[in-house]
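Laboratory data are not the source of any read-out in this text; all were calculated from the coordinates shown. No experiment lies behind these values; they were computed from the predicted model shown. Here Cβ is always computed from backbone atoms with ideal geometry, including for glycine, and neighbour counts include all displayed protein chains.
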Amino acid sequence: MERDNLVPPCFLMKEAYNEMILHSIHASPYEACGLLSGRGMNCETAWKMRNVETSEHSFAMDLDEMDKTFSSIKETGHNFNGIYHSHPSASPIPSAEDIQYAVYPQAFYFIVSLKEPKPEVACYLIDNGNVTEVEIIIL
Ligand SMILES: [Zn+2]
């Protein structure tokens, strides 16, 4: 995996960070998933989504629910700028599937890992199979 220090960091609001972790804990042992929005590329709000696969190793969002959430995001004056999901028992590293199904090169991909007692969150840009880890700055 590349770690390019020229990539700007991702700014994540504390509330959204906490919400992603809580959602992941509640959904465990299944994977949780959701969207993130904010002004510019700042990730300010977490939008919980249903994992229609109810799986411990994968996630998929309902397309209608996604459309509705994209509309709600627009109404708040935010941009859609991130996607999160959890790894209930694995490290916060994108799986082959995560990379294959990442279709938003501009979005931050957050993975919440519950593998260790203290949840760990990592962030990536995934562009056409290329994965770049991004530093998270919590505000
Ligand atoms: Zn994953």
I'd like to check something: does region 95-109 contain any residue that is among the hydrophobic types (A, V, I, L, M, F, W, C), in contact with a His (Cβ under 9 Å, 6 or more places away or on another chain) and either touching a residue at least 24 places away in the same chain (Cβ under 8 Å) or within 12 Å of the ligand (Cβ to nearest atom) (or both)? no
Could you grab me the full set of residues in region 43-57 that are more than 22 Å from C10 (Cα to Cα) and without any contact (Cβ under 8 Å) to a residue 24 or more places away in the chain? R50, V52, E53
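Considering each residue of region 58-86, count those that are within 11 Å of the chain's Cα centre (by Cα) and either farther than 19 Å from L12 by Cα or more than 13 Å from the ligand (Cβ to nearest atom) (or both), and give that number. First the steps, then the outcome.
First, pick out the residues of region 58-86 that are within 11 Å of the chain's Cα centre (by Cα): 81-86.
Checking which are either farther than 19 Å from L12 by Cα or more than 13 Å from the ligand (Cβ to nearest atom) (or both) leaves us with 81-82.
Adding up the residues that qualify gives 2.
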Region 18-57, subset of a type in the set (S, T, Y) and more than 16 Å from the ligand (Cβ to nearest atom), residue surrounded by the most Cβ atoms within 10 Å (Cβ to Cβ): S37
Note: among A102, A122, A32, A46, just one is under 17 Å from E19 (Cβ atoms), of a type in the set (A, V, I, L, M, F, W, C) and touching a Pro at 6+ places or on another chain (Cβ under 8 Å), namely A122
